[in-house]
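Notes to accompany the following structure.
The values are calculated or read from the model by the stated rules, or taken from the named source; none is laboratory data. Only a predicted model underlies this, so the values are computations on that prediction, with no experimental measurement involved. Here the Cβ positions follow ideal geometry from the backbone for every residue, glycine too, while neighbour counts run over all protein chains shown.
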Amino acid sequence: MIGNNSRFANVQAVLFDLDGTLIDSAPDLAAAADTMRVARGLPPLPVSQYRPMAGAGARGMLGVAFGMTPEHPDFTTLREEFFGNYERCMTQRTQIFDGIPELLASLTSHGLLWGVVTNKSARFTLPLTRSLAMFDAAAAIVSGDTTPHAKPHPAPLLEAARRLGVDAARCVYVGDDERDIVAGLAAGMATVAVTYGYLGQQADTSQWGAHATINCGNELLPLLQLATPA
């Protein structure tokens, strides 16, 4: 854990990115893309090849599967095919990262609100979070299309703070992508970068400007000056 605890005093709420921060959705995202490869007579790829780009959603998965960028003329068509595949399989292999349920329960026990701010569209966010009982305790879930802007714009984070009834300055935002930190800083929140998520290629969290960096979920509690469960 690297950070200055003084920035995290008097926190009232903690907001989290979803994929790569609370849940490991890479296996289902990879399966959705790999199904497309196999259907086209291409050999399957290991999940490890997809994982670093899982935070980039369809763009990242299609980039790994086909070397395709959004500028490709077929990108929109293949993206919709990918979305359909993912919608059918998105709860089959996705797991909650170790220690996260205990972390969230501890936040609640200390009287802190918590919620989710993700760039995943509501089409996927809502069914996925409803399939995992852990999210029943979330005080707010904001998707990538909840507001007119997605991260790195601060609008989704400010909307989450509004729903929680907490001043943005009393919120912490935790995420595994540089755009999470950019959005959190722009919203006036304390920011925490996690190193266990989908960092992408050659990512350096020390360059993101986060107020703190953690290597696992349970490092968040001492950062917030909260006791770690025995």
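General remarks:
- No other residue among Gly84, Gly67, Gly99 is among the small types (Gly, Ala, Ser) and either touching a Ser or Thr at 6+ places or on another chain (Cβ under 6 Å) or touching a residue at least 60 places away in the same chain (Cβ under 8 Å) (or both) apart from Gly99.
- Comparison of Phe66, Phe75, Phe82, Phe16 shows that the only residue that is assigned by TED's automatic domain parsing to the domain that holds Ser106 and at pLDDT 95 or above is Phe16.
- For Pro52, the conditions (1) at pLDDT below 95; (2) exposed (fewer than 14 other Cβ atoms within 10 Å of the Cβ); (3) out of contact with any strand residue (DSSP E or B) (no Cβ under 9 Å at 6 or more places or on another chain); (4) of a type outside the set (A, V, I, L, M) all hold with the exception of (2).
- Within region 10-19, the residues that satisfy the criterion of being over 17 Å from Asn119 (Cα atoms) and assigned to a loop (DSSP other than H, G, I, E, B) are Asn10, Val11, Gln12.
- Counted residues, region 101-123 - those being more than 13 Å from the chain's Cα centre (by Cα) and either closer than 26 Å to His153 by Cβ or not assigned by TED's automatic domain parsing to the domain that holds Glu219 (or both): 7
- Ala190 being at pLDDT 95 or above, crowded, with 22+ Cβ neighbours inside 10 Å and either farther than 14 Å from Val117 by Cα or in contact with a Phe, Trp or Tyr (Cβ under 7 Å, 6 or more places away or on another chain) (or both): yes
- Given (1) crowded, with 21+ Cβ neighbours inside 10 Å; (2) modelled with pLDDT of 95 or more; (3) out of contact with any helix residue (DSSP H, G or I) (no Cβ under 6 Å at 6 or more places or on another chain), number of the condition Gly41 does not satisfy: (1)
- The set of residues in region 1-38 that are of a type in the set (A, V, I, L, M), farther than 20 Å from Met134 by Cα and touching a helix residue (DSSP H, G or I) at 6+ places or on another chain (Cβ under 9 Å) comprises Met1, Ile2, Val11, Leu29, Ala30, Ala31, Ala32, Ala33, Met36.
- Residue within region 152-159 that is acidic (Asp, Glu) and closer than 21 Å to Ser6 by Cα present: no
- Residue check, Gly144 among the small types (Gly, Ala, Ser), modelled with pLDDT of 95 or more, in the same structural domain as Ala9 (by TED's automatic domain parsing) and over 16 Å from the mean Cα position of the chain (by Cα): no
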